[in-house]
Amino acid sequence: MMLLLVASRGRLVVAEELLIPPTVDEFSLNIEEGSEDSISTSPEKKSASSELLQSAPKDSSSLKPPWSKGSFTITPYGSLWANMVYATQRTNPGEFTFWVFSEDDQPEDAFSMDARRTRLGADITGPRLDLFGGADTAAKIEIDFLGEFVTENRPNARLRHGYWEAHNEDYRLVIGQTWDVISPLHPGTLNFSVGWNGGNIGFRRAQFRLERFVPLDEDWELTLQGSANQDVVADFPTDPSIRRESANWPVMEGRAAVSYSPCPKDPPLLAVGVSGHVGKVGFDFNQVGPPPLSLPPTDNVRLPTWSVNLDARLETENWIVQGEFFHGANLSSFLGGIGQGVCPCLRVPIHSTGGWLETVFHWTPDWESHLGAGIDDPKNDDSLLGRTYNRFIFGNLIWKATEHLHTGFELTFWKTLYHDTRVGLINPALLTPDAPGRAVTGEWMVRYDF
């Protein structure tokens, strides 16, 4: 089982949110978004790190695809997934947690039930191409139900993955929407947001990706990955005075990783990667900014976004240790900086540093636990107000009741700090809450995969 975007003799091992099934060719990995995939050549990213969290049976590659047309085969899959969450203080957004509201703003406790993380998808295989000396082709489309909604029981669908790929033992080409190249791991938390805005960065976006797999010797392999990506602008989505704009060039991502695997057909026992991205985001500030600076309207503002990241994973027979570190600026679209990329008062990128670490224990073939923690620590001087620190510590117990039915319980301790440096400079009625937020969340999850 593997949670890294590393390759093993042409089989790209990937990790995702807690529970996504592998593509038709991706059966070399085991288990993300607690929560969001094992592939021989698919770019999914998984959230948990074990078979108990994998959303497809181990022998699914041997199942006859239910649909075929000429040289194409289509294999549908899905997960019926529900959870219950109790929080001692209200969190954002509630059904899962990015951060805790300030106790001056939302001090009450909360309970929620949700089934919108249910997923439906299809893996497609197609004819071989005369590309890279001969390559197999495949595609994936996957949705969940966390799109916009009027009420929680009337959700809209959301595209998670939609891409085509061509691959062989040496190369892989991917075109479409899937996981970022950078920071490919996820902690195995049951929380659907898998530590995002709490130390775990990287999400999904449209991209053109090329990968190269280079054997170093019989046991070691080098993986090189690069992608040109859609410039996603995440800040100020509801502010009518600010127009968000993509830059005139894509966001570029890259990663290099080495992996050790004594058996080429098995996932690596050790993998270490270094990754990063660089790009720009754009804004038209059409009105005077917030006080006290009250910056004038400005058109065509371009602000950099970048990161430098480290990921590592070590696996033994009964336990796994894995984690990531990041440092960068303007990371809101990558779910860093506690969801803050640009300060509205200063109009500058917010720098942030953080990461996460977890240990996985396999008690028996049907029981496992994940213990871990994460921190996202934005630079206070880059903002006049907002969130300045976010930390979570979690532990869970997961039971694989059957090959398709999984359930688990988790406790997580959250702490979010705030500041507003404008005290004494503006009308007190305009100040934002700056008291910390602290919450303990208890979550029970049930997931049925087919």
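The values are calculated or read from the model by the stated rules, or taken from the named source; none is laboratory data. All values derive from a computational prediction rather than experimental measurement. Quick reminder, even Gly has a Cβ in these numbers, built from the backbone with ideal geometry, and neighbours come from all protein chains shown.
Here are a few things to note about the model shown:
- Residue match in the range 44-54 (condition: modelled with pLDDT under 95 and either out of contact with any His (no Cβ under 8 Å at 6 or more places or on another chain) or on the phi > 0 side of the Ramachandran plot (or both)): yes
- Here THR238 passes the criteria (1) under 23 Å from ALA329 (Cα atoms); (2) among the β-branched types (Val, Ile, Thr); (3) modelled with pLDDT of 95 or more except the one numbered (3).
- Identity of the residue in the range 278-294, touching a Leu at 6+ places or on another chain (Cβ under 9 Å) and under 24 Å from GLY226 (Cα atoms), that ends up surrounded by the most Cβ atoms within 10 Å (Cβ to Cβ): VAL281
- Residue within the range 437-450 that is of a type in the set (S, T, N, Q) and either farther than 29 Å from ARG116 by Cα or in a loop (DSSP other than H, G, I, E, B) (or both) present: no
- When GLU108 is tested against (1) more than 17 Å from the chain's Cα centre (by Cα); (2) surrounded by 16 or more Cβ atoms within 10 Å (Cβ to Cβ), just one condition goes unmet, and that condition is (2).
- If you go through the range 341-368 and keep only what is closer than 17 Å to TYR389 by Cβ and touching a Pro at 6+ places or on another chain (Cβ under 6 Å), you end up with ILE350, SER352, TRP356.
- Among the candidates VAL232, VAL272, the residue that is modelled with pLDDT of 95 or more, in a loop (DSSP other than H, G, I, E, B), within 24 Å of ASP376 (Cβ to Cβ) and not basic (Lys, Arg) is uniquely VAL232.
- Residue match in the range 216-230 (condition: surrounded by 15 or more Cβ atoms within 10 Å (Cβ to Cβ) and on the phi > 0 side of the Ramachandran plot): no
- Residues (part of a strand (DSSP E or B) and of a type in the set (A, V, I, L, M)) located in the range 235-258: ILE242, VAL251, MET252, ALA256, ALA257, VAL258
- Listed here are the strands (runs of 3 or more DSSP E) enclosed by the range 330-423 that have at least 2 residues being over 21 Å from the mean Cα position of the chain (by Cα) and buried (at least 18 other Cβ atoms within 10 Å of the Cβ): 385-400, 405-420.
- Which numbered condition CYS263 fails, given (1) touching a strand residue (DSSP E or B) at 6+ places or on another chain (Cβ under 7 Å); (2) over 28 Å from ALA82 (Cβ atoms); (3) surrounded by fewer than 23 Cβ atoms within 10 Å (Cβ to Cβ): (1)
- Contacts under 6 angstrom Cβ, first residue in the range 302-321 being over 12 Å from GLY273 (Cβ atoms), partner among the aromatic types (Phe, Trp, Tyr) and part of a strand (DSSP E or B), 6 or more apart: SER307/PHE326; TRP319/PHE361
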